[in-house]
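A.B. asks: Before we start, here is the structure in question, set down as structure tokens.
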Amino acid sequence: MAYKISTTCINCGTCVGVCPVDAITRGQIVHEINQDLCIGCGACAASCPVGAPVAED
Ligand code: SF4
Ligand code: SF4
């Protein structure tokens, strides 16, 4: 299950460094997760100060 970053993201960049597959990049508005790379480990959600990454159904 891939994760997606919600609009609550404050672009702190913390999650970029914890992703084991380098799936997260800074987007136009908030950080974004490449759905094709994400392995659903949840590390980004655990590191995020505002809980922006959420698991997609
Ligand atoms: S769930 Fe894991 S693999 Fe997917 S973006 Fe977050 S840290 Fe990267
Ligand atoms: S850790 Fe959270 S607030 Fe920071 S860039 Fe990632 S998703 Fe956005």
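A.B. asks: Divide by every residue of the chain the summed helix terms, -39500 (n - 2.57) for each DSSP H run of at least 4, and state the resulting mean residue ellipticity at 222 nm, rounded to the nearest 500 deg cm²/dmol.
C.D. replies: Dividing the helical sum by the residues of the chain leaves -3500 deg cm²/dmol.
A.B. asks: If you average the sequence gap of Cα pairs under 8 Å that are 6 or more apart and divide by the length of the chain, what percent do you get for the contact order?
C.D. replies: About 50 percent, as a whole number.
A.B. asks: Please flag any cysteine in the chain that has no other cysteine's Cβ under 4.7 angstrom from its own Cβ.
C.D. replies: 9, 12, 19, 38, 41, 48
A.B. asks: Calculate, in nm to one decimal, what residue 22 and residue 1 gain on full extension: separation in residues at 0.36 nm each, minus their alpha carbon distance.
C.D. replies: 5.9 nm
A.B. asks: Sticking with this structure for a sec: I want to make sure I understand the PRE zone here: with the label point 7 angstrom from the Cα of residue 12 toward its beta carbon, which residues in the range 21-35 have backbone N atoms less than 15 Å away?
C.D. replies: Only 31 fall inside the zone, counting backbone N under 15 Å.
Every number here is computed from the coordinates shown, using simple stated rules; none is lab data. Since the structure is predicted, the reported quantities are computational estimates derived from the model, not experimental observations. Note that we place each Cβ from the backbone using ideal geometry, even for glycine, and neighbour counts take in every protein chain shown.
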